Amino acid sequence: MNSRLSLERIKDLRTAAAQGVEVVLVAETGSTNADLLAGVAHFVGPRLLLAETQTAGKGRAGRVWHSEPGATLTFSLAWKFHLPTHALLGLPLAVGVAIAEALAQFDVDAKLKWPNDVLLDGKKLAGVLIETAVVKGAPVDQVWAVIGIGINLAVPEHLAARIERPVAAAPSLQADRSRVVAALLNSLAQAAISFQAQGFAAFRARWNALHAYGGQQVSIVDGGRVLHAGLAGGVDDSGRLLLDTPTGPIAVVAGDVSLRARED
Ligand code: BTN
């Protein structure tokens with residue numbers, strides 16, 4: 001059963017870390033990421049934009065993110081970091097930890113696929129797209145991260161047909177979507193505060209505990225081309241994936257590469 005999203009309820013359920021976050025709910029927009037990116041220069045503090053429907057949802061690597069009113073949660077959180085842009089490299093992984101830990105409160109046992117997919121039963125449950133914007137200012141420039149998250153709650157047949165690959169669903173989360181959004185917001189705000197203070201190092205052990213492919217043979221793929229293959233270890237303090245390859249250990253930097261389990 002699908003529940004109504006309530007702005008008031010989400011606001012009421014905010015914990016201390018998220019109290020300063022302005023929460024905005026719209027029925028429809030093109031992309032919550034695009035909207036926040038266009039507005040960051042005017043924001044005084046962090047902002048969460050939640051949309052019932054997106055008509056031009058953006059995925060990673062230029063892909064389209066398909067969603068369905070009520071069946072998906074689509075939202076973005078704009079957060080200002082006092083860090084240089086390059087220091088945000090591990091942020092997508094920290095966000096994965098924040099999502100998985102929030103979903104665990106609802107008995108959804110999510111795992112993480114490097115660099116930034118959230119899986120349930122080995123299939124993609126949620127995707128993360130982080131885009132950054134630098135606003136020129138004095139005495140220093142402001143670095144904003146727009147953290148976009150899409151979560152499949154249910155996958156009706158026509159949505160599955162559009163996505164064209166197996167995806168997971170978590171129908172139990174439909175019962176009280178406002179509470180799920182609030183839990184995600186609280187977890188993300190706390191993660192952003194920790195990331196600002198300690199970087200990805202604060203998340204490394206938690207990420208490794210949630211790793212879906214630890215100890216498995218994997219390939220790192222870029223646009224269909226295999227860049228590396230080997231035994232997946234954990235991630236290091238900057239979020240690089242440690243891989244034992246036939247020619248020795250390497251650390252792979254997250255970018256628009258993706259990981260595939262190897263069948264052989
Ligand atoms: C991925 O490709 O895995 C990332 C998908 C991210 C989708 C979310 S939905 C909310 C936010 N707005 C967008 O346009 N994209 C992100």
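The values are calculated or read from the model by the stated rules, or taken from the named source; none is laboratory data. Source: prediction; values computed, not measured. Note: ideal-geometry Cβ built from the backbone for every residue, glycine included; neighbour counts use all protein chains shown. Ligands, DNA and RNA are stripped out before the accessible areas are found, and what is left, the full protein with its side chains, is counted by its heavy atoms. Shrake-Rupley method; radii C 1.70, N 1.55, O 1.52, S 1.80 Å.
Taking all protein chains together and a probe of 1.4 Å, list E22, E101, E68, E157 from the most accessible to the least accessible. Before the final figure, lay out each step's value.
Details: E22 95, E101 65, E68 40, E157 165 Å².
Largest accessible area first, the residues go E157, E22, E101, E68.
Just the number, please: Stokes-Einstein D of region 217-261 in µm²/s, Kirkwood Rh from C-alpha pairs, 4 °C, 1.567 mPa s.
Values: Rh = 10.4 Å.
Rounded to a whole number, D works out at 124 µm²/s.
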Restricting to Cα atoms and excluding each atom paired with itself, what does the Kirkwood estimate give for the chain in Å?
18.8
Heavy-atom accessible surface of region 217-261: percent carbon and sulfur, 1.4 Å:
53
Please give the solvent-accessible surface of R9 in Å², to the nearest 10, using a probe radius of 1.4 Å with every protein chain present.
90
Work out, step by step, the length gained on full extension between A175 and A104: first 0.36 nm times the residue separation, then minus their alpha carbon distance; give nm to one decimal.
24.0 nm
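Rank by packing, highest mean first: peptides 169-177, 79-87, with packing defined as the count of other Cβ atoms within 10 Å averaged across residues.
Values: 169-177: 17.8, 79-87: 14.8.
Put in order of decreasing packing, that is 169-177, 79-87.
Under a Cβ-only charge scheme (Lys and Arg +1, Asp and Glu -1), can you give me the dipole magnitude of the chain about the Cα centre, in debye to the nearest 20?
Details: 24 positive and 24 negative charges, 38 e Å.
Dipole about the Cα centre, nearest 20: 180 debye.
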Report the equivalent ellipsoid semi-axes for region 62-142 in whole Å, largest first, defined as the square roots of five times the eigenvalues of the gyration tensor built from alpha carbon atoms.
28, 15, 12
Just report the Cα centroid separation between region 143-178 and region 225-240, whole Å.
26
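Report, in order of residue number, the helices in the chain meeting two criteria: a C-alpha extent of 27 Å or more along the helix axis, and a mean Kyte-Doolittle hydropathy of at least -1.0; treat each whole DSSP H run as one helix. It would help to have the intermediate numbers written out before the result.
Numbers: long enough: 177-198 (31 Å, 0.57).
Qualifying helices: 177-198.
In nm, what is the difference between 0.36 nm times the number of residues separating V221 and K123 and their Cα-Cα distance?
Contour length minus the Cα-Cα distance gives 33.5 nm.
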